[in-house]
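Chemist: Supplied in structure tokens, the structure appears directly below.
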Amino acid sequence: MPAVSIIIVCMDRPDNLRPCLSSIKQHTTAEYEVLVVAYRFSADNLSAMRAEFPWVRFIVNDALSGFSENNNLALREARGEFCFILNDDTELPGPTIDRLLADFGKLPEDAAIVAPKLLNADGSLQLCGRPDYPAVNYLRQQWHRYREPIDNGSGLFRTFNISGAAFLIRTSTFQELGWFDERYYFTPEDIALSTLARKRGYSVWCDSEAEVVHKWRTTASRLSPAIRPAAVRGSLIFFSDGSTLRYLLLGAGVWAAEMSKRIKARLQGRKADWLTYRNITRSIFTRKSPKELFIRYFNEL
């Protein structure tokens, strides 16, 4: 049984996956297994990755699936005591996994998750722990009136939430929590997981000395007109917490923010952005699930 199962979802991006896997091999000494969900890979790319990384177990998925669904495919087959969730557009600059595993020996028994510090590709700070993120801050962020703090502590410290880009969690705890909640499809599955863990009496931690480089700005997708509506719908479902009135009030504020962006994009001739905002505004007051929205708009691209 390995100490840790490293779970990576990759949507046919060998250019992302190759340096990610190489950094794991270079910097990790603990016993580990790597499970990569090869999401909608071409036959040639899949064959090349398998030949280059024979120590990786590839799980092929060609069905339209979200972040949570893809991760859960691998998580249900994980054998490690811990699971390390890692985006494909990341690299480990040092023994990050080893350090996070060692952290659990210092943490209280109720510790469920410990996350590393995230760096941008240029080495600047992206995120170090995440504070409480109530619905009002989500709404303010849509109006560009709130920016989530990126530096919230030093050393090994307790935090509220983690980023889905990279974190270590006890496999037994993850299973108890039901893995990732597939209702959200894309976001906010990481905040939902952190919130559920804290509600169940677990604590969430961050180690500022453990680092992961997350190159998210360099991997923007042409799928934004399909991803963003699903992400907004999922966020509204989460932050409304089952209250129809709260959903309507929060949704009205988000709709107004996205409509203003839609009008601006139209006036400036930014067709791709306009399409994204149009799809978002159409998706807020709907009964369709985030997955149904993604499939609908994906098929229109």
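The values are calculated or read from the model by the stated rules, or taken from the named source; none is laboratory data. Just so you know, these numbers come straight off a predicted model, no measurement behind them. Because the Cβ atoms are built from the backbone with ideal geometry, glycine has one as well, and the counts that use them run over all protein chains shown.
Chemist: Any idea how many residues of the range 68-95 are of a type outside the set (Gly, Ala, Ser) and assigned to a helix (DSSP H, G or I)?
Modeler: Within the range 68-95, residues that are of a type outside the set (Gly, Ala, Ser) and assigned to a helix (DSSP H, G or I) number 6.
Chemist: If Arg140 passes every condition in (1) modelled with pLDDT of 95 or more; (2) under 18 Å from the mean Cα position of the chain (by Cα) but one, which one does it miss?
Modeler: Every condition holds for Arg140 apart from (2).
Chemist: State yes or no: is Lys291 buried (at least 16 other Cβ atoms within 10 Å of the Cβ), more than 20 Å from the chain's Cα centre (by Cα) and not in a loop (DSSP other than H, G, I, E, B)?
Modeler: When the stated conditions are applied, Lys291 does not pass them.
Chemist: Quick test for you: out of Ala210, Ala252, Ala230, Ala226, pick the one residue that is in contact with a Pro (Cβ under 7 Å, 6 or more places away or on another chain) and farther than 30 Å from Leu107 by Cβ.
Modeler: From the options Ala210, Ala252, Ala230, Ala226, the qualifying one is Ala230.
Chemist: Considering only the range 31-67, state which residues are aliphatic (A, V, I, L, M) and either in a helix (DSSP H, G or I) or buried (at least 18 other Cβ atoms within 10 Å of the Cβ) (or both).
Modeler: Val34, Leu35, Val36, Val37, Ala38, Ala43, Leu46, Ala48, Met49, Ala51, Val56
Chemist: State the number of residues belonging to the range 194-222 that are at pLDDT below 95 and part of a helix (DSSP H, G or I).
Modeler: Residues flagged as at pLDDT below 95 and part of a helix (DSSP H, G or I) within the range 194-222 amount to 3.
Chemist: Restricting the first residue to the range 7-18 and requiring it to be on the phi > 0 side of the Ramachandran plot, which pairs with a second residue that is aliphatic (A, V, I, L, M) and in a helix (DSSP H, G or I) meet a Cβ separation below 9 Å and a spacing of at least six or different chains?
Modeler: From residues that are on the phi > 0 side of the Ramachandran plot, the pairs are Asp12/Leu46.
Chemist: Among the numbered conditions (1) of a type in the set (Phe, Trp, Tyr); (2) touching a residue at least 60 places away in the same chain (Cβ under 8 Å); (3) farther than 28 Å from Ile227 by Cα, tell me where Phe67 comes up short.
Modeler: The single condition Phe67 does not satisfy is (3).
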